[in-house]
Each structure stands twice: as C-alpha cells, then as structure tokens.
1. Condition first: more than 14 Å from the chain's Cα centre (by Cα) and either buried (at least 24 other Cβ atoms within 10 Å of the Cβ) or closer than 13 Å to PRO90 by Cα (or both). Now tell me which residues in the range 131-148 satisfy that.
2. Could you please let me know if MET259 is assigned to a helix (DSSP H, G or I), out of contact with any His (no Cβ under 7 Å at 6 or more places or on another chain) and closer than 22 Å to ASP208 by Cβ?
3. Read through the list (1) assigned by TED's automatic domain parsing to the domain that holds TYR362; (2) in contact (Cβ under 8 Å) with a residue 12 or more places away in the chain; (3) part of a loop (DSSP other than H, G, I, E, B), then give the number of the only condition that ASP238 fails.
4. Looking at GLY383, GLY335, GLY323, which is the one that is in the same structural domain as THR171 (by TED's automatic domain parsing) and within 27 Å of THR171 (Cα to Cα)?
5. Which number in (1) out of contact with any helix residue (DSSP H, G or I) (no Cβ under 7 Å at 6 or more places or on another chain); (2) more than 13 Å from TRP45 (Cβ to Cβ); (3) not acidic (Asp, Glu) marks the one condition that HIS75 misses?
6. Which of the residues belonging to the range 159-204 are aliphatic (A, V, I, L, M), farther than 22 Å from LEU307 by Cα and outside any helix (DSSP H, G or I)?
7. Given the condition acidic (Asp, Glu) and loosely packed, with under 13 Cβ neighbours inside 10 Å, answer yes or no: does some residue in the range 107-118 qualify?
8. Could you please let me know if THR330 is within 26 Å of SER173 (Cα to Cα), β-branched (Val, Ile, Thr) and either touching a Ser or Thr at 6+ places or on another chain (Cβ under 8 Å) or not assigned by TED's automatic domain parsing to the domain that holds LEU267 (or both)?
Amino acid sequence: MKILVFSTLFPNPEEPTLGIFVETRLRHLIKDTGIEAVVIAPVPWFPFRHRLFGRYGRFARVPRMETQNGLTIHHPRFLVIPKVGMRLTPGFLFKAAKRCLAGLMAKGERFDLIDAHYLYPDGVAAARLSEAVGIPFVMTARGSDVTQIGRMPAPRQEILASTKRAGHVVTVSRSLKEELTSMGVAPEKITVLRNGVDTAKFHETGRDEARKTWGFDGRVLLFVGWLIDRKRVDVLLDVAARIPDISVVIAGDGPLKAMLVKRAAALGLEGRIHFLGQVMPADMPRVMSGADVLMLPSEREGWANVLLEAMACGTPVVSRAVGGAPDLVTVPKAGRLVAKAPHEDGEVDAFEAALRDLLDKYPARDKVRAYAEGFGWAETSAGQVCIFEEVIAAYKAAGQAEGKG
C-alpha cells in the first residue's frame, strides 16, 4: 500500500517543530507496517526570503522538495491572504496540491489513499483533491480544527460536507469524537486513534546537566509549547509566584513572549525563571528530564503529546482536563488534572492545589516512565492499516458497482 500524506502541518528545515505529531505518527506507521508514503506539505507563498520578514521569510526559504529519513516531502506553494482569506484557503491549497500531485503521477507515481491531517483547511482541500484524481481519502482531526475552527459557521459546513465524502475520520481523543458527533458526523464513521510516544527518543537523559545549565537546585516547573493566548502560560506564572521555592522553565516561542517576560518580572519571578525560546526536538528530552513537573494549563487541546513525552522522561504532569488529557492522566503517578474552566473563579487556586499535591506525593520517576511506556505506537499503526484497507476496498467496490450500473 502506498499513501499520500497531505498536511500543512509537517516539519521542514525552517520550522523543524511544526506538526511534528503528524511526522511522528507517519514515521511509526512506516516502521511498524511497511506502508510506503510520500508527503505533500504545502507552505504559504511569499516572495522574499530575507530574515527581516520573519515567519513569512522562512516560508520562502523552505525547499520545494526534501528528504527526511528516507521520506520524500514536497512543499508546493499556496496563496494566503492574511486575516480575510480564511474561506479561500481550501481552494488555494487544493490547486497547489493538485499541481504537485499531477506532476508526481506524470512521473509514474500511484497512490492508494490520501491521508489528510487537520480538518480545515487541509481536510476540505483533500476532499476536493480526492474527487479530482479519483483516490479515496481519510481525515484526521487533531484539536483546534474541531474545537475552534469547527465552531465557526462557514468552515463548519465545509468540514461536515467533507467528512461525508471521506472514507473515514480519525480523531486523536474521545472528546474530539464526541464534539464531531454533536456537530452531525455519524459516530460509526469516526475512530479514535490516540497518539503514542517514542520511548526510544523520550527517556530521562541529561537531568543534572540541564539543571546545572539553568542554575536551579530545587523543584523546577516546566511549560512546553507556543506562547499564545490559549496556552494560558499566565496561569503557570501566577501559580509559580505563590510557591517561592519553585523555579520555572519556559520552552517555546510566540507572540506573547515579551508580555510574559514582563509579567514574570512583575510577579517577582526574576532569578528563578528561564525563557529558553524554541527548543529543537533533539534537545527536548533533556529539557523535560531536567524538570520535576510539566504544567499545561491550555484552554483546549486535541491530544497534547508533551504530556506523554514528559512522562516518558520520568516527569509527571499537571494539566487542565481538556481534550485527550483525561485519556492520558488516569493514575496518580502520571500527574493531576484540573477541572476548572478557563477564567473561572478559583482557576489559579485549583492549579496551585494540584501542583502542591503532586509535589507532596511525588511519584518515583521510574514509575512515571513505566506508565508512559504503555502508550506505544504499534496499536495506533495497526488501527490505521485496518481503516486504510477498509476504505480502499469500499472505494473500489463502489467504483465497480457504479461501472456495472
């Protein structure tokens, strides 16, 4: 079986952490099953490569084609109209992907299935691509494509229309399946396939080295992720300010960094906080190993891989009970969940209480690691193969029946 993976969320040399969860699942699928794959990962078109243009300049520097670990990845360009062009993006994506795929097929490439990640705009574009080239497709919902974009009237209608045409829909958590079902997607058309964790990559390593680099001797609280509103890093800072013997490490970058640096200073956290900026994937196990607790106060998540990755490094977690977190943190040694809604009265109190309770009853790090080892990728890979085979067979059967008619 050979599949075409289609997503704008895929790592590239300029953004090595972008969509790493898509790359990781694909890498394990290939390793576990022998499936062949080619990736089309479009990037926005921009005319200038200079670093003065920030992220748009990085888009321009992404190669048109590259190879990662034996996997061929194509990066066709698509037009993006900032702020006002959201409804047009699926069409632009479709045109870019169709041109790229036509070129591959002209060279003799053939695919059994399109595996699309993120429902909008990627999944909607994949539905059009599927119809244009006569290849069945499967969509994977990953989080904000359902919990944020899926609640917007126009994208919601396009998502629903595309899920009806899809061979199957995969979600990474039960909560996403429940929300899609409430939107009108048939539950029998949705399968939950959780993400796993690469325990060969994520394990305790360099703990003492990391702590020495940071200059922290006591407990260390870690956040990993984009510094944007919905991640609610402000909650973590407020909690840390109430616990004077805990230090903080922030691994990530984003538009709120300057504001969060100022907030940390105003809270008196100077001297016990490090903003590391964007951390390369290869360095993340050392960072996670150096922490005592990872906190994720996000307002919403699909399946937060950082929770599993931290646990695989022996670091328990405190997370808001959203998305896949209730599927992940099911025993005390894994960490604590906070049920408070975003901005609800007592929100910071609840996170503080959860953190203090975890620190008071701190689990053995090897037991945290052992728990994470139960979340490997083999089961997810096998589930994908079953879905792909059924979708391909159904598509062929439908075509044969149509031909007879």
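1. PHE137, VAL138, MET139
2. Judged against the criteria, MET259 is not a match.
3. Every condition holds for ASP238 apart from (3).
4. Values: GLY335 fails: in the same structural domain as THR171 (by TED's automatic domain parsing); GLY323 fails: in the same structural domain as THR171 (by TED's automatic domain parsing).
Checking each option against the conditions leaves just GLY383.
5. (2)
6. Of everything in the range 159-204, those that are aliphatic (A, V, I, L, M), farther than 22 Å from LEU307 by Cα and outside any helix (DSSP H, G or I) turn out to be ALA166, VAL169, VAL185, ALA186, ILE190.
7. First, pick out the residues of the range 107-118 that are acidic (Asp, Glu): 109, 112, 115.
Still in the list and also loosely packed, with under 13 Cβ neighbours inside 10 Å: none.
No, the conditions are met nowhere in the range 107-118.
8. Numbers: within 26 Å of SER173 (Cα to Cα): yes; β-branched (Val, Ile, Thr): yes; either touching a Ser or Thr at 6+ places or on another chain (Cβ under 8 Å) or not assigned by TED's automatic domain parsing to the domain that holds LEU267 (or both): no.
No.
The values are calculated or read from the model by the stated rules, or taken from the named source; none is laboratory data. Please read these numbers as outputs of a predicted model, since none were measured by experiment. Note that we place each Cβ from the backbone using ideal geometry, even for glycine, and neighbour counts take in every protein chain shown.
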